[in-house]
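Have a look at the structure below, then the notes.
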Amino acid sequence: MDDSEMELPEFAPGWVWLVGAGPGDPGLLTLYGLHALRTADVVVYDALVDSRILELAGKKARLEFAGKRGGRPSPGQPDISRRLIELAREHLRVLRLKGGDPFVFGRGGEEALALVEARVPFRLIPGITAGIGGLAYAGIPVTHRSANSAVAFVTGHTAGGEIPDNFDWQALAKGVPVIVFYMALTHLGEIAGRLIKAGRPESDPVAVISKATTPDQQVLVSTLRACAADAAKARIEPPAMVVVGEVVRLREALDWFTPLQKRL
């Protein structure tokens, strides 16, 4: 069945659709996400949305950049939410396109609440978050019966760019077998140090996955003690995911993407 055979929901004027674009590869878009791209009047997109995904937008769609990148001039969250409301009130089909999943460290909840307060109708289209899709493209399962029955998804910095202080680092270090950090590259050394101080073995395997699911994907495998220095030496660039735990060792057998990259 192709999408032309499906009964797709109407994207009505005056509505805002909050859509997850996935971690990068356009093939990981949902059918609803692709439908929204093809029918939107305006696409308000984040910095982490792959350019190949934007190329799928309808020919008449207007593209508006609303990216937020650390250390660079960017619109504030209230400005973005206000813009979505303005566009919807112009009776446009407004697609808010966000990397990964809007509700996983994507501030989609903040934007949705602003729409609720303004009485603007909206629809949420989930996307594949990088903490799952990015690891899969690195050949690392988020869970594996022989390695873990729990996983934690953790942000590497607060809205102000600092390491969150409200973590129970001992509980995280000792109680969670696999930890997946988003946006942690800048503070990787300090994060690793806090985990080791809290009781995590410094020999624990770590993978740093840069630009996951894209042709520029790069994966560094290291240890908790050495990961920050190794990432700096390898010049790993953001956006990057960091995963800590025994599932990293499975990459040696399950890395399917690197051979594919070499053939392209």
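Inside segment 15-27, residues that are in contact with a Phe, Trp or Tyr (Cβ under 9 Å, 6 or more places away or on another chain) and closer than 16 Å to residue 138 by Cα make up a count of 3. Pairs only if they're at least six apart or on different chains, beta carbon under 9 angstrom, first in segment 81-107 and in the same structural domain as residue 122 (by TED's automatic domain parsing), second assigned to a strand (DSSP E or B) and at pLDDT below 95; list them, first residue then second. What qualifies is 105/155. Going through segment 1-56 one residue at a time, which ones are of a type in the set (Gly, Ala, Ser), in a helix (DSSP H, G or I) and surrounded by 20 or more Cβ atoms within 10 Å (Cβ to Cβ)? Of everything in segment 1-56, those that are of a type in the set (Gly, Ala, Ser), in a helix (DSSP H, G or I) and surrounded by 20 or more Cβ atoms within 10 Å (Cβ to Cβ) turn out to be 33, 36. Restricting attention to segment 229-264, the residues that are part of a loop (DSSP other than H, G, I, E, B) and either of a type in the set (S, T, N, Q) or in contact with a Phe, Trp or Tyr (Cβ under 9 Å, 6 or more places away or on another chain) (or both) add up to 2. As for segment 164-183, it holds at least one residue that is touching a His at 6+ places or on another chain (Cβ under 8 Å) and without any contact (Cβ under 8 Å) to a residue 12 or more places away in the chain. Give the residue, chosen from 34, 8, that is within 18 Å of residue 124 (Cα to Cα), over 24 Å from the mean Cα position of the chain (by Cα) and among the aliphatic types (A, V, I, L, M). On inspection, the qualifying residue turns out to be 8.
Considered as a group, the residues in segment 192-222 that are farther than 15 Å from residue 251 by Cα and of a type in the set (A, V, I, L, M, F, W, C) include one that is surrounded by the fewest Cβ atoms within 10 Å (Cβ to Cβ), and that residue is 198.
The values are calculated or read from the model by the stated rules, or taken from the named source; none is laboratory data. Note that this is a predicted model, so its numbers are computed, not measured. As a convention, Cβ positions derive from the backbone with ideal geometry for all residues, glycine included, and neighbour counts pool all protein chains shown.
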